[in-house]
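Novice: Right, I'll just put the structure down here and ask away after.
The values are calculated or read from the model by the stated rules, or taken from the named source; none is laboratory data. Since the structure is predicted, the reported quantities are computational estimates derived from the model, not experimental observations. Here the Cβ is made from the backbone with ideal geometry for all residues, glycine too, and neighbour counts use every protein chain on show.
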Amino acid sequence: MVGGAVGPVDEGATLERAVGLVRAFRLEQSDPDVFYGALARDSARQVGVYADLADAVLLDVGGGPGFFADAFTAAGAIYVPVDVDAGELRLHGREPGPRTVQGSGMALPFRTGSVDVCYSSNVLEHVARPWQMADEMVRVTRPGGTVFLSYTVWYGPWGGHETSPWHYLGGRRAADRYARRTGRRPKNDFGVSMFPVTAAAGLRWARARRDVSLLAAVPRYHPRWATGLVRVPAVREVLTWNLLLVLRVDR
């Protein structure tokens, strides 16, 4: 663990699991049911390492289509998704569930301390004020509750999403290159819907909060033996790929 992070060890974070996720990632565009279904099931398993999901109110910030609803509901949670974009909630032919809320992650429309688990997967890099969103996730989580926050690290090989690896030459340059080659702006357009978020920034934010305990800071998709990558400042920005921060709210 990093900087005093103390929490359960994810025994399910095996090499076999990592390879399976990489295979699923390749199908994101061609077979989204397989990709999102695998990611959602793995997410429910992983959150369950740190929090009891039975009858827990789980808020999914940036919930998108209902794949995660299926997985978290099957795990026993009361699933509540919030997303700023109504179109995202209907991707791949999915319809929003009855508890779906449309709203911004930077100003969550929920009372302070109203949820047991606040979850967000691969959303932070898409908001202009990422740590404001992270603060909001802590605010709405009850004392003793769990915040599960993961995001794509900018300097990793997938940091620019569909504009990778050209983002290493500059995010705007990579997005403009994509537009020239395809005739359209990328969905993840630098400065508009994609922002550079680093592992160091996430760790600074977590350590600066006095009302939370950092339970885990790990490369989300890697085998558990790769946890040490997060301890090495420059290396973690490239090799972590996706940083997971798990926090317990103490206030």
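Novice: Tally up the residues in the stretch 122-140 that are within 15 Å of ASP60 (Cα to Cα) and among the polar types (S, T, N, Q), please.
Specialist: Matching residues across the stretch 122-140 total 1.
Novice: Is there any pair with a first residue in the stretch 38-64 that is without any contact (Cβ under 8 Å) to a residue 40 or more places away in the chain and a second that is acidic (Asp, Glu) and part of a helix (DSSP H, G or I) whose Cβ atoms are under 7 Å apart and which are 6 or more apart or on different chains, and what are they?
Specialist: That search, which allows pairs on different chains as well, returns ALA40/ASP70; GLY64/GLU88.
Novice: Starting from the stretch 234-251, take each residue that is closer than 16 Å to PRO130 by Cα and list its partners that are assigned to a loop (DSSP other than H, G, I, E, B), counting only C-beta distances under 6 angstrom and pairs at least six apart or across chains.
Specialist: Within 6 Å, the pairs are ASN242/ARG220; ASN242/TYR221; LEU243/VAL153; LEU244/ARG220.
Novice: Another one. Can you name the residue in the stretch 54-74 that is of a type in the set (A, V, I, L, M) and within 26 Å of ALA107 (Cβ to Cβ) and, of all such residues, is surrounded by the fewest Cβ atoms within 10 Å (Cβ to Cβ)? Even if it seems obvious, please write down each step before you answer.
Specialist: Applying the first criterion (of a type in the set (A, V, I, L, M)) to the stretch 54-74 yields 54, 56-59, 61, 69, 71, 74.
Narrowing the set further to residues that are within 26 Å of ALA107 (Cβ to Cβ) leaves 56-59, 61, 69.
Working: ALA56: 20, VAL57: 18, LEU58: 28, LEU59: 27, VAL61: 29, ALA69: 23.
Per the criteria, the residue is VAL57.
Novice: Being part of a strand (DSSP E or B), within 25 Å of GLY20 (Cβ to Cβ) and in contact with a Gly (Cβ under 8 Å, 6 or more places away or on another chain) is the filter here; which residues of the stretch 213-251 pass it?
Specialist: Matches in the stretch 213-251: LEU215, ALA216, ALA217, ASN242, LEU243, LEU245, VAL246.
Novice: Kindly indicate whether PHE195 is surrounded by 15 or more Cβ atoms within 10 Å (Cβ to Cβ), in contact with a Lys or Arg (Cβ under 6 Å, 6 or more places away or on another chain), of a type in the set (Phe, Trp, Tyr) and more than 20 Å from GLN46 (Cα to Cα). Let's see the steps before the verdict.
Specialist: Numbers: surrounded by 15 or more Cβ atoms within 10 Å (Cβ to Cβ): yes; in contact with a Lys or Arg (Cβ under 6 Å, 6 or more places away or on another chain): no; of a type in the set (Phe, Trp, Tyr): yes; more than 20 Å from GLN46 (Cα to Cα): yes.
Spelling it out, it is not the case that PHE195 is surrounded by 15 or more Cβ atoms within 10 Å (Cβ to Cβ), in contact with a Lys or Arg (Cβ under 6 Å, 6 or more places away or on another chain), of a type in the set (Phe, Trp, Tyr) and more than 20 Å from GLN46 (Cα to Cα).
Novice: Then there's this: Looking at the stretch 62-72 only, could you name the residues that are outside any loop (DSSP other than H, G, I, E, B) and either at pLDDT 95 or above or within 18 Å of SER150 (Cα to Cα) (or both)?
Specialist: Across the stretch 62-72, the qualifying residues are PHE67, PHE68, ALA69, ALA71, PHE72.
Novice: Further question: Out of all the residues in the stretch 96-126, which are within 12 Å of the chain's Cα centre (by Cα), in a loop (DSSP other than H, G, I, E, B) and either more than 24 Å from ALA75 (Cα to Cα) or of a type in the set (A, V, I, L, M) (or both)?
Specialist: If the condition is that a residue be within 12 Å of the chain's Cα centre (by Cα), in a loop (DSSP other than H, G, I, E, B) and either more than 24 Å from ALA75 (Cα to Cα) or of a type in the set (A, V, I, L, M) (or both), then VAL123 is the only one that fits.
Novice: Report, by residue number, each residue of the stretch 28-61 that is out of contact with any Phe, Trp or Tyr (no Cβ under 9 Å at 6 or more places or on another chain), of a type outside the set (A, V, I, L, M) and assigned to a loop (DSSP other than H, G, I, E, B).
Specialist: SER30, ASP31, ASP52, ASP55
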